[in-house]
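Comments concern the structure below.
The values are calculated or read from the model by the stated rules, or taken from the named source; none is laboratory data. Treat the numbers as computed from the prediction; the structure is a model and nothing was measured. When we count neighbours, we look across all protein chains shown, and the Cβ atoms used for this are built from the backbone with ideal geometry, even at glycine.
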Amino acid sequence: MLHFSEDPAITVFRPHVATTAQQPEAYVWAVDSVQAPAYWFPRQCPRVVAWAVPETSDTDRERILGPGGDDRVHVIEYAWAQRFLSTELFAYRFSSASFRPFGSPVPHAFVSTEAVQPLGPVQPVGSLLQLHQDAGIQLRVLESLWDFWEAVTVSTLGFSGIRLRNAAGEPGRT
C-alpha cells in the first residue's frame, strides 16, 4: 500500500474524514502500485487520467489517447505546470493488513479505519515528469480540463477526475 504526500515528516496516519469526503467514515487512504500514477502530482492539482481497458474502441483510443499506441494519458492545466515540475513528493509504504478495497464496481483505493505507521523511512519519488516518462504515461497540459473531461466521460476508456473542483472554469461553460 502506498500513500503520496508533500510532507516528509508524517510518522502516524490517523483515520480522518476529508472535507470533501462523500462518506461519513474516517479513513486512512492508500493506493496500490496500479493506481499510484494517478497520485504523482501535487496534492491539490486537478487532473484527468484516462487509460485503455479491454472494451476501449479503436476510435476512442485514436481520438483520446492519440496515435503512438499509448495506453494511458494524464492531463493537467497550464496553471499547474510549474508547480507540477517543482513539487517534491514523498512515498509512504504501509502493510496491507489493515486495509480493504474501496470503490465499486472496481476498487480505486484502499482504506483503513485504524491508525497506520509507515513500514520504513519515507522515500522521495524524484521528478514527477521523469516518473511519467519512465512509466510510459503521456502527460498533456491544457488551458482547461473540461473539454477533455467531457470527451473522456462518454468514451469507452477507463477514466478518473481528481481534484476537479480546483480546475479552471466550470463544467458546462460556454
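The table below gives the values:
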quantity: Breaking point among (1) polar (S, T, N, Q); (2) modelled with pLDDT under 95; (3) over 18 Å from LEU131 (Cα atoms), for THR56; calculated: (2)
quantity: Enumeration of residues in segment 72-82 that are assigned to a helix (DSSP H, G or I) and closer than 20 Å to ALA135 by Cβ; calculated: TRP80, ALA81
quantity: Test result for VAL111, closer than 21 Å to PRO8 by Cα and either assigned to a strand (DSSP E or B) or touching a His at 6+ places or on another chain (Cβ under 7 Å) (or both); calculated: yes
quantity: The one condition in (1) among the small types (Gly, Ala, Ser); (2) free of Cβ contacts under 8 Å to residues at least 40 places away in the same chain; (3) more than 22 Å from LEU131 (Cα to Cα) that SER95 fails to fulfil; calculated: (2)
quantity: Which listed residue is touching a residue at least 60 places away in the same chain (Cβ under 8 Å), among the hydroxyl-bearing types (Ser, Thr, Tyr) and more than 30 Å from ALA97 (Cα to Cα), from SER144, SER160; calculated: SER144
quantity: Residue satisfying all of: in segment 74-104; hydrophobic (A, V, I, L, M, F, W, C) and more than 24 Å from VAL12 (Cβ to Cβ); surrounded by the fewest Cβ atoms within 10 Å (Cβ to Cβ) among these; calculated: LEU85
quantity: The one condition in (1) surrounded by fewer than 17 Cβ atoms within 10 Å (Cβ to Cβ); (2) farther than 20 Å from ALA135 by Cβ; (3) modelled with pLDDT of 95 or more that PRO107 fails to fulfil; calculated: (3)
quantity: Answer residue from segment 125-174, given it is among the aliphatic types (A, V, I, L, M), assigned to a helix (DSSP H, G or I) and touching a Pro at 6+ places or on another chain (Cβ under 7 Å) and is surrounded by the most Cβ atoms within 10 Å (Cβ to Cβ) among those; calculated: LEU164
quantity: Qualifying positions in segment 48-71 - part of a helix (DSSP H, G or I) and buried (at least 18 other Cβ atoms within 10 Å of the Cβ); calculated: ASP60, ARG61, ILE64, LEU65
quantity: Check on LEU119, assigned to a strand (DSSP E or B) and either aliphatic (A, V, I, L, M) or without any contact (Cβ under 8 Å) to a residue 60 or more places away in the chain (or both); calculated: no
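Residues checked against (1) modelled with pLDDT of 95 or more; (2) touching a strand residue (DSSP E or B) at 6+ places or on another chain (Cβ under 9 Å):
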{"site": "MET1", "(1), (2)": "yes, yes"}
{"site": "GLU6", "(1), (2)": "yes, yes"}
{"site": "PHE13", "(1), (2)": "yes, yes"}
{"site": "THR19", "(1), (2)": "no, no"}
{"site": "GLU25", "(1), (2)": "no, yes"}
{"site": "SER33", "(1), (2)": "no, yes"}
{"site": "TYR39", "(1), (2)": "yes, yes"}
{"site": "CYS45", "(1), (2)": "yes, yes"}
{"site": "VAL49", "(1), (2)": "yes, yes"}
